[in-house]
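As structure tokens, the structure follows; a few thoughts come after it.
Laboratory data are not the source of any read-out in this text; all were calculated from the coordinates shown. Just so it is clear, the model here is predicted, and its values are computed rather than measured. So basically every Cβ, Gly included, is an ideal-geometry build from the backbone, and we count neighbours across all protein chains shown.
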């Protein structure tokens, strides 16, 4: 299927590793013109090199931390200069805190809110003028399956990821008149560095292998395995494409069936 990305101008934030990097590589393979960004210059340049080796096209790069005020505006200015505008924005920024409720401080709550929610708000707000002038404009935000099935010991991120669902649904209605679609993708357990590092810590504590830890957590997933970043990225890329032109306000789980509740 032709996803109609040829020449489409796309900004991917959080693209140095994991799902963000996989998304950027798929987009490059589809012919998109890319600006990829992450907090570290070294990491994002390495990601651009990997994309160039895989696809023959090297994306433009920028270092930015959109959890900080003013950084989203600066990043969008780079997109205007390097791409001439934007047709799609993909936000792959986010993370969790593993803690009991009682151990969490106000700073934990506020910091994770800035990381998971306010960063997305800042990026969308800064991007709006370019998206309004774009072709088949679309926004895709990476959420988490925990928004629909809260994970034990992750109360702060459970709350904020659920907030992203509300943000997506609200913005989809508000921006529909501008022709801007807004959707989210909610991954479940995916073999990113976050999970492999966690598995390595647990393996060291229990004196078992990483594979044993991964298998233990995979047991709870109906499909019986962790997802690959590319499997999540495929849904992100489709939702941001003109092929998904009648889809907006949705959060699509790519989680192997782990979130068993109704939408």
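Structural remarks
- Mean separation of Cα pairs under 8 Å and 6 or more residues apart, divided by the residue count, gives segment 104-182 a relative contact order of 37 percent.
- Relative contact order, whole percent, for the chain stands at 20, derived from Cα pairs under 8 Å and 6 or more residues apart.
- Taking label positions 7 Å along the Cα-Cβ direction at both residue 200 and residue 41, the computed distance is 2.6 nm, reported to one decimal.
- If R0 equals 35 Å, the separation of the Cβ atoms of residue 225 and residue 1 corresponds to a calculated FRET efficiency of about 0.85.
- Segment 192-263-segment 123-184 distance, computed between alpha-carbon centres (Å): 19
- The helix-only estimate of mean residue ellipticity at 222 nm for the chain, built from DSSP H runs of length n ≥ 4 each weighted as -39500 (n - 2.57), is -14000 deg cm²/dmol after division by the residue total.
- Full extension of the chain between residue 73 and residue 207 yields a length gain of 43.5 nm, computed as 0.36 nm times the residue separation minus the alpha carbon distance.
- For the chain, the longest principal axis of the C-alpha atoms and the axis of helix 193-206 are separated by about 10°.
- Additional length obtainable on full extension of the chain from residue 149 to residue 170, 0.36 nm per residue less Cα span: 5.5 nm
- Approximate spin-label separation residue 52-residue 215, in nm, with each point projected 7 Å along Cα-to-Cβ: 4.2
- What the pair-distance distribution of the chain shows, using all Cα-Cα distances binned every 10 Å from zero, is 7, 30, 37, 20, 5, 0 percent.
- The C-alpha atoms of the chain define a longest principal axis, and helix 41-55 lies at about 70 degrees to it.
- Taken along the Cα-to-beta-carbon direction at a fixed 7 Å, the label points for residue 246 and residue 125 span 3.5 nm.
- With all projection directions averaged, the alpha carbon convex hull of segment 181-263 covers 6.1 nm².
- The long axis of helix 71-83 is offset from the longest Cα principal axis of the chain by roughly 50 degrees.
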